[in-house]
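Values in this text are rule-based calculations from the coordinates and carry no lab data. Source: prediction; values computed, not measured. Glycine also receives a Cβ, built like all others from the backbone with ideal geometry; neighbour counts cover every protein chain displayed.
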Amino acid sequence: MSAHPFLLLEVFAASPGSGNLLPVILDADDVTDERMALVALRMRQSETSFVQTATDPDATYRHRIWTVVEELPFAGHPSVGSAVAVALQRGDSSATYTQQTRVGLQRLDVTIAADRRSGHAALHQAALQLGPVVDPTDLLRALGLDVADAHPDLPAQVVSTGLPALVIPLRTTTALGRARMDPGPVGSALAALPLGDAGAHKALNCYLATPVDTTRAGEPSAPSAPVAEATTWRTRCLALDLPGYEDPATGSAAGPFAAWVAVRGGPTRVHIIQGVEMGDRSDIDVDTNDGIVVSGQVLVRATGSIEL
């Protein structure tokens, strides 16, 4: 066994005790695929990151991302968190890195706080890919929702910048809160949909979203008016490969979702609040004015070493 630098981070966290927890294992060149899979399974987080030496000469480092079920080609909150972890290890206060993932190279802009207990990272995602528009009726029912809960003006559609997600727009945050993952019915409903290439993934992210009214006091609780004015959205991500079937923050879905909103006449900058129903609120900013840039704050919760 060998020791590796280890960090536990809260990604897309506005304050301690929020965001999506991410274990990051650095200097992981000698960690086998079998060991990575086992470690990720035992960590029981949405994803676990392993940082290795890049094999692409244009990359700063290679990033391996594992769920409890499989290795992912790309993911958002692990990318943002691992960039901060790399900056902390290298002693950088600000930097631009290029990570190598299974779908290619992605740029990350990183800044580290003076006390080196937090940082901020912006992930530049690939171009928006639009997949099939689908009838969500059976899937809504499998999720414990009614057809009337669907957003009246927005379709359900597959979107991607490297990892597909099925956007399911909802009418209200009340409906958003009622959604539940029942693996059998949901799996069957997804299998029956014409999802194209996205259907090949073991567990497609179901990205439920509703625009919210930020003029109300307290937590947003109702749809905002037209999509063209919806600068804040509440979301949930449900999938069969997630511990507990839900993800507190999903940057890989937030990016293409925000670009999809812009394509449909919405604003080019949106703020996404996810994980509220889990008690793990996450705050994600997406700017689609020049590409697709997903950004957020990262908090350091633990550092040390891990023997693998």
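Structure values in brief
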quantity: Cβ-derived FRET efficiency at R0 45 Å, T174 paired with A302, nearest 0.05; calculated: 0.80
quantity: Stretch gain in nm, segment T96-D33, where the contour uses 0.36 nm per residue and the Cα spacing is subtracted; calculated: 19.9 nm
quantity: Angle between the chain longest axis and helix 251-263 axis [Cα atoms, degrees, rounded to 10]; calculated: 40 degrees
quantity: Residue order, fewest to most surrounding Cβ atoms within 10 angstrom, among L130, L208, L9, L195; calculated: L130, L195, L208, L9
quantity: Using alpha-carbon coordinates, inclination of helix 76-90 to the longest axis of the chain, degrees; calculated: 20 degrees
quantity: Spacing of the two label points (7 Å from each Cα toward its C-beta) at M278 and E71, in nm; calculated: 2.4 nm
quantity: Förster radius 51 Å - calculated FRET efficiency between D182 and A114, Cβ distance, rounded to 0.05; calculated: 0.60
quantity: The chain - percent relative contact order, Cα under 8 Å, separation 6 or more; calculated: 22 percent
quantity: Mean separation of Cα contacts under 8 Å (6+ apart) over length of region 129-283, as relative contact order %; calculated: 21 percent
quantity: T232/M1 FRET efficiency (R0 41 Å; Cβ-Cβ; nearest 0.05); calculated: 0.30
quantity: Within a Gaussian network of the chain (alpha carbon springs, distance under 10 Å), most fluctuating of P248, P78, P155; calculated: P155
quantity: Label-to-label distance, nm, for residues given as Q129 and D56 (7 Å Cα→Cβ offset); calculated: 1.4 nm
quantity: Gain in span if fully extended, R44 to Q89, counting 0.36 nm per residue against the direct Cα distance; calculated: 13.8 nm
quantity: Two-decimal ratio, the chain, of alpha-carbon radius of gyration to 2.2 N^0.38 Å; calculated: 0.95
quantity: Enclosed volume per residue, in Å³, of the convex hull spanned by Cα atoms of region 129-283; calculated: 99 Å³
quantity: Whole-number D in µm²/s for region 78-145 (Stokes-Einstein; Kirkwood sum over Cα pairs; 37 °C, 0.692 mPa s); calculated: 226 µm²/s
quantity: Helix 33-43 vs. the chain, principal-axis angle (Cα, 0 to 90°, nearest 10); calculated: 60 degrees
